[in-house]
Amino acid sequence: MFKTLLKNFFLIALFAAVPLMGAHGAETAAPDSAPAQAHSEVTVGSAAPIFVLPDVRGGEVSLPGLLTEGPVVLSFYRGSWCPYCNDQLYGFQEVLPEIEKLGAKLVAVSPELPESAMDMALKKQLTFHVLHDQNNAIARTYGLIWPVPDDKRAWLDGKLKEKHGKNLAEFNGIETYELPIPATFVINSDGTIVYLFKDPDYTKRADNKDILAALKTLSEAGESKKTK
């Protein structure tokens, strides 16, 4: 009951700041679709922007490196202070064996400083990569930036400080009031985006069943090619 009340509280309080942008929802494409020509919007059929980011546990992780091993599930989240993000990450951990059985890697990305993100990863016992995206640099290349409205900044900082002892700048290590729009991509091993879900309404997230379905389609397509 407490978790439900907490979710409702965050939803009501930030509701006015969210609906200004239209929802995109999920998109899918056939696994053999060719990458689209370069354009400003990253969507299904686009070549996924590449990145190299630090893992909060140490070391660096690159998208090209991951893709040499198979498809990648790439998910952007706001931070460990967001209960909806925590629920999604925990849900990812539950289906991780299925994701890996389909030959894919799972990566979660946020602008949160490594120490805070690592605390969350340890508490949630996450075994997939959790990466630090300083100043939302990679989220920006994926078109996922959501500026916190001026009239909501003091309120948000106050609530974060009250509950967690830190404001947004202290969580992210930078005085920039921007958050990534929660989004999840399935990227084929050739770098093509074959599934995406993004929605400025932070309470809405990709359905794990849809993610697994996209990976299963890729797996079946790969098996079909082997038999030809």
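The values are calculated or read from the model by the stated rules, or taken from the named source; none is laboratory data. Because the structure is a prediction, the values reported are computed rather than measured. Positions of Cβ are generated from backbone atoms using ideal geometry, with glycine treated the same way; all protein chains shown enter the neighbour counts.
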Members of the stretch 134-148 that are surrounded by 21 or more Cβ atoms within 10 Å (Cβ to Cβ) and assigned to a loop (DSSP other than H, G, I, E, B): Y142, L144
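This table checks each residue for (1) touching a Ser or Thr at 6+ places or on another chain (Cβ under 7 Å); (2) under 19 Å from T141 (Cβ atoms); (3) not hydrophobic (A, V, I, L, M, F, W, C).
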| site | (1), (2), (3) |
| --- | --- |
| G165 | no, no, yes |
| G173 | no, no, yes |
| Y177 | no, no, yes |
| V186 | no, yes, no |
| D190 | no, yes, yes |
| K209 | no, no, yes |
| A213 | no, no, no |
| L218 | no, no, no |
| A221 | no, no, no |
Residue count for the stretch 69-100, restricted to those that are in a loop (DSSP other than H, G, I, E, B) and farther than 18 Å from R57 by Cβ: 6
Extreme residue, surrounded by the most Cβ atoms within 10 Å (Cβ to Cβ), among residues of the stretch 171-227 that are of a type in the set (D, E) and in contact (Cβ under 8 Å) with a residue 40 or more places away in the chain: D199
Residue match in the stretch 116-127 (condition: within 30 Å of E220 (Cβ to Cβ) and outside any loop (DSSP other than H, G, I, E, B)): no
Candidates G103, G158 - the one that is over 17 Å from Y77 (Cβ atoms), over 18 Å from the mean Cα position of the chain (by Cα) and part of a helix (DSSP H, G or I): G158
Every pair of residues 6+ apart whose Cβ atoms lie under 7 Å, when the first sits in the stretch 75-93 and is of a type in the set (K, R) while the second is modelled with pLDDT of 95 or more and assigned to a strand (DSSP E or B): R78/S110; R78/L179; R78/P180
